[in-house]
Amino acid sequence: MDLKVMRATETWQQAGAYYVRVQAMARKYHITLREEFDEHDTPSTKYIVLLDGEFPVATCRLYEMQVRDGEAPSMMLGRVVVLPEYRKQGLGSHAVTEAEKWARELGSRTAVLDSRDVAVGFYEKLGYVPDPDRRAQEDTFPCIPMKKALD
């Protein structure tokens, strides 16, 4: 595999993230495009896209969270998806790690996410812990709010 990391900020790059999400999640779980793409998928949203050569194979979305006065900046990670034929190769972990790195560079002190209930163990291995202070933004799947300090 010829793995490359792309920080997708332009529309043509974001299309790679959208491709992976539609192919690996929307089709498998019969999620409509309206359900898959929400108010956080905007031209200013950032995405990590992992490429095998020039072909998108994994992605992670990140955007700044609204925080209360005095709270450290937080970045929401989500829509972590790997194409089925590329799973079990560490690409999901790699996409999350790259997103955390970018979040740190942007000044975030904490990463938060809403883990599908079946993926909690995956995120725990990456250092995330359940976050009882936050409620998950459940839409399609039951989710558990989690967080991780980035410093």
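Here are the numbers for the structure shown:
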item	result
Filter pass, Gln23 being open to solvent by less than 70 Å² (accessible area, probe 1.4 Å), more than 14 Å from the chain's Cα centre (by Cα) and more than 18 Å from Gly90 (Cα to Cα)	yes
Set Leu50, Leu106, Leu126, Leu91: member being out of contact with any Leu (no Cβ under 9 Å at 6 or more places or on another chain), of a type in the set (A, V, I, L, M) and farther than 19 Å from Glu36 by Cα	Leu126
Those strands (runs of 3 or more DSSP E) lying entirely in the range 42-151 with at least 1 residues touching a residue at least 40 places away in the same chain (Cβ under 8 Å), of a type in the set (A, V, I, L, M, F, W, C) and surrounded by 15 or more Cβ atoms within 10 Å (Cβ to Cβ)	46-52, 55-64, 74-82, 110-116
Which numbered condition Asp38 fails, given (1) open to solvent by less than 70 Å² (accessible area, probe 1.4 Å); (2) within 27 Å of Lys125 (Cα to Cα); (3) of a type in the set (Asp, Glu)	(2)
Every residue from the range 21-33 that is part of a helix (DSSP H, G or I), over 23 Å from Met65 (Cβ atoms) and not polar (S, T, N, Q)	Val22, Ala24, Ala26, Arg27, Lys28, Tyr29, Leu33
Any hit, the range 63-82, residues being at pLDDT 90 or above, of a type outside the set (S, T, N, Q) and more than 20 Å from Glu39 (Cβ to Cβ)	yes
Val96 vs. criteria of a type in the set (A, V, I, L, M), closer than 22 Å to Ala24 by Cα and modelled with pLDDT under 95	no
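The values are calculated or read from the model by the stated rules, or taken from the named source; none is laboratory data. Given the structure is predicted, the values throughout are model-derived calculations rather than measurements. With ideal geometry, Cβ positions are generated from the backbone for all residues, glycine too; neighbour counts draw on all protein chains shown. For the accessible areas, the whole protein counts, side chains as well, though only heavy atoms, and no ligand, DNA or RNA atoms are used. Shrake-Rupley method; radii C 1.70, N 1.55, O 1.52, S 1.80 Å.
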